[in-house]
Amino acid sequence: MDQKVDFPGLGAAAQSFISTGPKKLLIGGEWVEAASGKTFDAIDPVTEGVICKVAEGGKEDIDRAVKAARTAFEGEWSKVSPAQRQNLMLKLADLLEKHAEELTDLESLDVGKLRFFARIIDVQGSVDSMRYNAGWATKIHGRTYDMSLPSMHGEEYRAFTVKEPVGVVGQIVPWNFPLAMAIWKIGPALATGCTCILKPAEQTPLTAIRLGELIQEAGIPAGVVNIVTGYGETAGQALIEHPDVDKIAFTGSTPVGKHIARTAADTVKRVSLELGGKSPAIVAADADLDVVLPGIANGIFFNHGQVCTAGSRLFVHRSIHDKVVEGVANIASGMRLGSGFEEGVQMGPLVSKEQMERVLGYIEKGKAQGGQVATGGERHGDSGYFVKPTVFTGCGTDSAVYREEIFGPVLVATPYDDMDEAVKMANDTDYGLAASVWSTNVSTCHRVSRKLRAGTVWVNTHNMLDPAMSFGGYKQSGFGRENGMEVLDLYTETKSIVMQI
Ligand code: NAD
């Protein structure tokens with residue numbers, strides 16, 4: 001059934017995409033309904049209205065997608081040369097760029113993002129990431145070795161390694177950067193010669209589906225990328241259990257990541273996990289407040305706090321603590337909330353009702369456990385999933401808002417007296433995804449960035465990512481590194497070949 005929709009600000013291409021629902025699954029190069037015939041609703045977090053219906057893939061669909069991916073891996077895709085793979089990826093990047101405005105509209109609508117950021121971060125970042133990974137396709141190689149084996153009768157040996165694609169990869173992504181997270185995973189899979197089944201988050205399936213159409217248009221062979229929308233507990237679960245999946249690449253919460261690692265152990269699948277965070281930002285007494293105040297506010301409120309690296313724990317030298325808290329709280333209370341399509345809006349809604357309730361629940365817990373609200377601390381309005389940007393002070397180190405990942409616009413500020421204490425507090429967490437240090441003293445910047453136990457450390461900035469820089473977590477923020485040349489290790493096996501000649 002075609003539905004009539006009218007979402008203010010949405011361009012004609014995105015309007016047309018969502019009007020031609022229900023959306024289907026991409027399996028073996030065909031767009032098909034779920035075997036069960038079931039669908040679920042894509043919801044606009046601003047109006048709470050239904051955007052369109054989407055196929056609800058399940059076990060049977062995953063099974064078909066894995067078979068299609070295996071057939072492509074062993075067949076047509078294995079004959080495509082590295083240079084041809086690179087060209088197909090560059091073509092896909094060009095198509096992403098050509099349809100950037102439409103993809104931006106869809107991402108902004110589905111997630112509730114500011115359209116401006118969706119264009120330059122999500123969509124342009126996806127184009128750049130695909131081009132970056134395309135470059136790797138022709139630069140994957142092994143090494144040669146001189147052997148020290150015994151040679152009784154003058155035998156000689158030649159030895160080398162080759163990098164081979166790991167095979168069929170299940171890729172499970174979250175809802176905060178749906179297109180970018182999908183590209184971060186599909187890019188290296190294509191570069192290395194793997195095939196994949198992408199399972200987008202149920203909250204935000206739209207750009208992945210449009211991506212599937214562009215993958216076909218780029219001429220990437222059928223079955224190389226399969227896209228199965230559906231729920232984590234059903235479609236996702238079937239993917240992680242499937243005996244013919246060689247690897248799972250997951251981005252999402254730490255509890256689900258642990259479950260995936262346990263499940264994947266049954267078939268010894270390769271697993272890479274990009275999980276949650278509770279990233280600290282340490283502000284030294286000598287920091288430049290003109291840089292610090294907008295930087296800290298952006299570090300936590302960008303994407304409405306729904307960022308795995310969000311600077312959600314702020315440690316400020318006691319001498320400037322109150323000034324920094326006041327400055328950040330002023331920025332927060334002055335932020336305009338509304339639809340990401342509206343000019344001048346600085347923060348949109350959270351992605352779903354569930355996420356809004358979760359964040360509001362944390363805020364209430366923070367208050368109950370003795371935290372003081374410097375600004376925010378409640379829902380904004382009574383329709384749409386908006387939460388006011390919130391700053392807490394005086395939270396105990398055992399309180400939930402101090403320790404747990406909230407994944408919303410909630411900052412917890414704590415004073416410290418010396419830098420060793422600040423580093424100790426910053427590292428006192430199960431997570432280790434990212435951190436930032438703010439100082440005008442270059443020695444402090446170097447010293448502290450080496451002491452912080454995190455996969456990425458920023459200095460006088462926060463949340464800056466580039467396809468060339470490896471990205472991933474220490475501790476319970478996961479293992480494996482995406483982006484940079486390190487990602488190739490996640491998608492390849494190393495084979496040693498030793499020859500007697
Ligand atoms: P989530 O773990 O609930 O869901 C992520 C994905 O896993 C979704 O596609 C979901 O359907 C799927 N899933 C859920 N249960 C599953 C199961 N049993 N088997 C297989 N798949 C299953 O996370 P979320 O709420 O969508 O995203 C927020 C989380 O993601 C936060 O913790 C955030 O820090 C993390 N995140 C991490 C990074 C990173 O790179 N480290 C980036 C973005 C988000």
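The values are calculated or read from the model by the stated rules, or taken from the named source; none is laboratory data. These figures come from a predicted structure and were not determined experimentally. Quick reminder, even Gly has a Cβ in these numbers, built from the backbone with ideal geometry, and neighbours come from all protein chains shown. Heads up: the accessible areas ignore ligands, DNA and RNA and are worked out on the full protein's heavy atoms, side chains in. Shrake-Rupley method; radii C 1.70, N 1.55, O 1.52, S 1.80 Å.
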If you take the residues of the stretch 197-209 that are away from the ligand (no atom under 12 Å from the Cβ) and touching a strand residue (DSSP E or B) at 6+ places or on another chain (Cβ under 9 Å), which of them is nearest to Leu26 (Cα to Cα)?
-> Ile209
Can you find a residue in the stretch 478-485 that is away from the ligand (no atom under 16 Å from the Cβ) and not assigned by TED's automatic domain parsing to the domain that holds Thr309?
-> yes
Pick out, from the stretch 320-427, the strands (runs of 3 or more DSSP E) lying fully within it that include 2 or more residues that are crowded, with 21+ Cβ neighbours inside 10 Å.
-> 390-393, 410-416
Candidate set from the stretch 267-317 (those that are within 19 Å of Gly408 (Cβ to Cβ) and open to solvent by 30 Å² or more (accessible area, probe 1.4 Å)); member that is nearest to the ligand (Cβ to nearest atom) | Cys308
In this structure, does Gly142 turn out to be assigned by TED's automatic domain parsing to the domain that holds Lys23, modelled with pLDDT of 95 or more and buried (at least 19 other Cβ atoms within 10 Å of the Cβ)?
-> no
Here are some conditions: (1) touching a strand residue (DSSP E or B) at 6+ places or on another chain (Cβ under 6 Å); (2) within 16 Å of the ligand (Cβ to nearest atom); (3) assigned to a helix (DSSP H, G or I). Ala454 meets all but one. Which one does it not meet?
-> (3)
Kindly indicate which of Val169, Val245 is crowded, with 24+ Cβ neighbours inside 10 Å, more than 10 Å from the ligand (Cβ to nearest atom) and assigned to a loop (DSSP other than H, G, I, E, B).
-> Val245
Note on the stretch 213-240: residues surrounded by 22 or more Cβ atoms within 10 Å (Cβ to Cβ) and either among the β-branched types (Val, Ile, Thr) or more than 10 Å from the ligand (Cβ to nearest atom) (or both) are Ile215, Ile220, Gly223, Val224, Val225, Asn226, Ile227, Val228, Thr229, Ile240
Scan the stretch 2-15 and give yes if some residue there is touching a residue at least 40 places away in the same chain (Cβ under 8 Å) and under 30 Å from Ala137 (Cα atoms), otherwise no.
-> no
Does Ala435 fit the bill of being in a strand (DSSP E or B), of a type outside the set (S, T, N, Q) and under 23 Å from the mean Cα position of the chain (by Cα)?
-> yes
Report the residue count in the stretch 457-501 for those that are within 28 Å of Asn427 (Cβ to Cβ), of a type outside the set (A, V, I, L, M) and in a strand (DSSP E or B).
-> 5
Among the candidates Ala34, Ala72, which residue alone is more than 24 Å from the chain's Cα centre (by Cα) and assigned to a loop (DSSP other than H, G, I, E, B)?
-> Ala34
Quick count over the stretch 206-230, residues being of a type in the set (S, T, N, Q) and in a loop (DSSP other than H, G, I, E, B), is 1
